[in-house]
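The values are calculated or read from the model by the stated rules, or taken from the named source; none is laboratory data. Keep in mind that this is a model prediction, so the values were computed, not measured. Cβ placement follows ideal geometry from the backbone for every residue including glycine, while neighbour counts extend to all protein chains displayed. Keep in mind that these areas ignore ligands, DNA and RNA; they rest on the heavy atoms of the full protein, side chains included. Shrake-Rupley method; radii C 1.70, N 1.55, O 1.52, S 1.80 Å.
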Amino acid sequence: MKKYWKMLVLLVILSGSQFFNRAVAQDKPFNEDFSSYQLGASPGSIKTNGVAIVAHPTGQEGKWLEVKNQATYKLNRLKPFPANFTLEFDVLAVAEEIKDIAPVCFGFVKDNATREHLSNAGAFVQLHYRDADAVNIGNYELKKETGTTFDLASTTNKPVHVKLVVNGTQMAVYLDDTKLAETELFTPKAAKYFYFSGPWQYDKGSKLFISNFKTTL
């Protein structure tokens with residue numbers, strides 16, 4: 001009997017240690033370029049309400065996650081991001097014209113569930129590909145929205161680099177090192193989980209990909 005209890009205690013300790021190690025890992029910088037996955041695989045670092053597939057777009061370097069229409073993608077992590085951090089990634093729009101892709105959005109919400117396609121949820125950035133140059137940034141819960149412009153048409157068939165710098169309740173948004181906004185987008189205690197939502201519709205065989213995620217904590 002004593003031997004049984006000793007084994008039980010040991011299992012509890014080991015399980016707790018493994019959980020602690022996983023939790024600590026969530027606080028470490030996150031980097032994902034999908035290079036460790038085979039083409040056609042579903043990456044374990046991503047969760048979605050749709051389909052997640054690793055692909056290699058023609059003429060591009062590296063591997064990318066293909067963004068399906070009406071699908072939302074989140075990072076497969078247990079804990080929200082801390083109060084201060086920077087998240088960077090690349091977006092690749094493959095199309096005859098950028099207007100062939102409906103608007104897409106990304107940003108941070110309060111939970112990491114993938115129940116449905118999100119549109120302008122939480123603290124969001126929306127790229128209006130249909131308009132070729134319009135970008136909206138805001139948080140409807142805070143009744144905040146800022147409209148600005150960026151030459152999205154020039155990013156057709158080549159990666160555009162996104163950088164989101166979060167400092168407490170503030171977030172600065174950069175596209176290809178161009179600062180589009182820096183404004184208050186969070187409540188003081190808001191949890192922050194990243195999401196990227198694909199467009200509602202693609203036209204003329206257009207596609208969208210994301211890759212090269214990098215966080216600095």
| task | Under 10 Å from the Cβ of Phe213, count the other residues' Cβ atoms, weight Lys and Arg +1, Asp and Glu -1, and hand me the total. | result | -3
| message | Can you tell me the orientation of helix 2-26 relative to the chain, as the angle in degrees between its alpha-carbon axis and the longest Cα principal axis, to the nearest 10? | response | 20
| note | With every protein chain kept in place and a 1.4 Å probe, the stretch 83-135 has an accessible area per residue in Å² of 35
| message | Taking the full set of protein chains and a 1.4 angstrom probe, give the accessible area of Thr149 in square angstrom, rounded to the nearest 10. | response | 90
| message | If I take the Cα coordinates of the stretch 102-211 and project them onto the principal axes, what are the three extents in Å, biggest first? | response | 43, 32, 25
| message | If each residue of separation counts as 0.36 nm, what is the full-extension length gain between Asp151 and Ala83 once their alpha-carbon separation is subtracted? | response | 21.4 nm
| said: Taking 22 Å as R0, compute the FRET efficiency from the Cβ-Cβ separation of Leu39 and Glu96 and round it to 0.05. | reply: 0.35
| remark: Measure of exposure for Trp64: accessible area at 1.4 Å probe, Å² rounded to 10, is 10
| message | Calculate log10 I(q)/I(0) of the chain for q = 0.10, 0.12, 0.16, 0.17 Å⁻¹, where I(q) comes from the Debye formula with a single equal point scatterer on each Cα and nothing for solvent. | response | -0.46, -0.64, -1.08, -1.22
| said: Give me the extension gain from Lys158 to Thr187: residue separation times 0.36 nm, minus the current Cα-Cα distance, reported in nm with one decimal. | reply: 6.9 nm
| Ranked order, Ser119, Ser154 - accessible area, probe 1.4 Å, largest first | Ser119, Ser154
| request: Count neighbours as other Cβ atoms within 10 Å of each site's Cβ, and list the trypsin sites (Lys or Arg not before Pro) in the stretch 180-217 that are DSSP loop with at most 13 such neighbours. | output: Lys189, Lys204
| query | Got a sec to turn the phi values of the stretch 202-217 into Karplus ³J(HN,Hα) couplings, 6.51 cos²θ - 1.76 cosθ + 1.60 with θ = phi - 60°, whole Hz, x for Gly and Pro? | reply | 10, 10, 6, x, 5, 8, 9, 9, 9, 6, 6, 6, 8, 10, 10, 9
| Between the stretch 76-121 and the stretch 135-168, what's the alpha-carbon centroid distance in Å? | 11
